[in-house]
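Asks: The following block contains the structure, expressed as structure tokens.
Taken together, the values in this text are just the output of simple stated rules run on the coordinates, not laboratory data. These numbers were taken from a predicted model, which means no experiment stands behind them. When we count neighbours, we look across all protein chains shown, and the Cβ atoms used for this are built from the backbone with ideal geometry, even at glycine.
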Amino acid sequence: MRWSPFLGIPICVALLSFSLFKFFSLKSPISRSLPRLFTAEELALYNGTDTGLPILLGILGSVFDVTKGKSHYGVGGGYSHFSGRDASRAFVSGNFTGEGLTDNLHGLSSTEVKSIVEWRDFYIRTYIFVGKLVGRYYDNEGNPTKYLKGVEAKAARGAQLLEKQKKEEAKLASCNSKWSQEEGSEVWCDKGYPRLVQRPLEIALTGKMSKRCACFQEDQLGQAGLEVYDGCDYFANRCRL
Ligand code: HEM
Ligand SMILES: *[C@@H]1O[C@H](CO)[C@@H](O)[C@H](O)[C@H]1NC(C)=O
Ligand SMILES: *[C@@H]1O[C@H](CO)[C@@H](O)[C@H](O)[C@H]1NC(C)=O
């Protein structure tokens, strides 16, 4: 007897659904438990002290397995204070002690908040997302809290602000600069005069970011807020720092 396609198709369907069933029933214990919810106490177990456990890090309530970075995150690593907790604020404050290790972002600027969201993007790209921390950023059902939504909205404002600032700064030529062993640091303008200009407070993340050197033409030198480099002539094109 020839195999009839009317018999073959049901057999194929049966085989296929059986293997699909096996596939999902094997997978489901894992997928059902992902994303897993952590309490702060649970997360603290994964701080790298117990080398039999993975090292986990929380940022904005997202939990990542950072075991492959244990030279940074393990005991004695330079960033071990990030392990077993959510110390989101320290990603911009750099304060890895005491109260500095908090997930509270109160008082940070929109560009600082944006920087923390970028750190979370870094962890998404680089490590494995394993779950959510119940607390400030996720409720006990794993839903984002108002606080997280507020943080994301603030980060978006920070991004807009930086974009606007970039356009603003593109209107003025930046100073050239170089550093050498013999000469030290130098800034100069091919056209115009080097001046330090204060960036808007919201942009000034750190002391380093708070000013830029730009080149101004003679008729612009009277503008408010332009700072001549210390020890540099008013009409010098080049300043040694
Ligand atoms: C707010 C201050 C800072 C924070 C929050 C911070 C955070 C981090 C984090 C989380 C990593 C690990 C990234 C990974 O998982 O691969 C890292 C790596 C690194 N950081 Fe920082 N950092 C800060 C300041 C600095 C400073 C001031 C320096 C140098 C002067 C520095 C140099 C480095 C280097 C070289 C690495 C890479 C190390 C490696 O891959 O072996 N960091 N930083
Ligand atoms: C990690 O957590 C354990 C248990 O909570 C604690 O005993 C240990 O001191 C912590 N280690 C570090 C490096 O913070
Ligand atoms: C870190 O934060 C704590 C608490 O806010 C503060 O007492 C301490 O001076 C800060 N340390 C540094 C290095 O900024």
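Asks: Can you work out ³J(HN,Hα) from phi for every residue in the range 220-227, in order, using Karplus 6.51 cos²θ - 1.76 cosθ + 1.60 and θ = phi - 60°, giving whole Hz and x for Gly and Pro?
Replies: 9, 5, x, 4, 6, x, 8, 10
Asks: Over all distinct alpha-carbon pairs, what is the Kirkwood Rh of the range 79-159 in angstrom?
Replies: Mean inverse Cα-Cα distance, inverted, gives 13.2 Å.
Asks: In vacuo Debye scattering of the range 84-241, one point per C-alpha: log10 I(q)/I(0) at q = 0.09, 0.10, 0.13, 0.15 Å⁻¹?
Replies: Listed by q, the Debye log ratios stand at -0.45, -0.54, -0.77, -0.89.
Asks: Let me ask something else about it. A 26 angstrom limit on the alpha carbon distance is what I want to check against. Which of LYS68/LYS132; LYS70/LYS166; LYS132/LYS167; LYS171/LYS211; LYS132/LYS154 exceed it?
Replies: Beyond 26 Å between Cα atoms: LYS70/LYS166; LYS132/LYS167.
Asks: TYR138's amide H: which non-local residues (gap 5+, or another chain) put their own amide H closer than 5 Å, with H modeled 1.01 Å from N in plane and none for Pro or chain starts?
Replies: For TYR138, whose amide H was placed from the backbone, the distant partners under 5 Å are THR145.
Asks: Also, I was wondering about something else. Quick check of the Kirkwood formula: for the range 172-240, what is the inverse mean of 1/r over all pairs of different Cα atoms, in Å?
Replies: 12.6 Å is the Kirkwood radius here.
Asks: Something else about it: Return the sequence-ordered ³J(HN,Hα) values of the range 176-190 in whole Hz as given by the Karplus equation 6.51 cos²θ - 1.76 cosθ + 1.60 applied to θ = phi - 60°, using x for Gly and Pro.
Replies: For the range 176-190, the Karplus curve yields 6, 8, 8, 10, 9, 3, 6, 8, x, 8, 9, 10, 7, 10, 5 Hz.
Asks: Let me ask something additional. With a point put 7 Å past each Cα toward its Cβ, work out how far ARG240 is from GLU183 in nm, to one decimal.
Replies: Distance between label points: 1.0 nm.
Asks: Continuing with this model, one more query. Along the range 73-78, what does the Karplus equation 6.51 cos²θ - 1.76 cosθ + 1.60 (θ = phi - 60°) give for ³J(HN,Hα), rounded to whole Hz, x for Gly and Pro?
Replies: 9, x, 3, x, x, x
Asks: Which FRET efficiency, nearest 0.05, do GLU42 and TRP119 yield, Cβ-Cβ r, R0 22 Å?
Replies: It comes to 0.50.
Asks: Peptides 65-73, 179-187: what's the order by average Cβ count within 10 Å, highest mean first?
Replies: 65-73, 179-187
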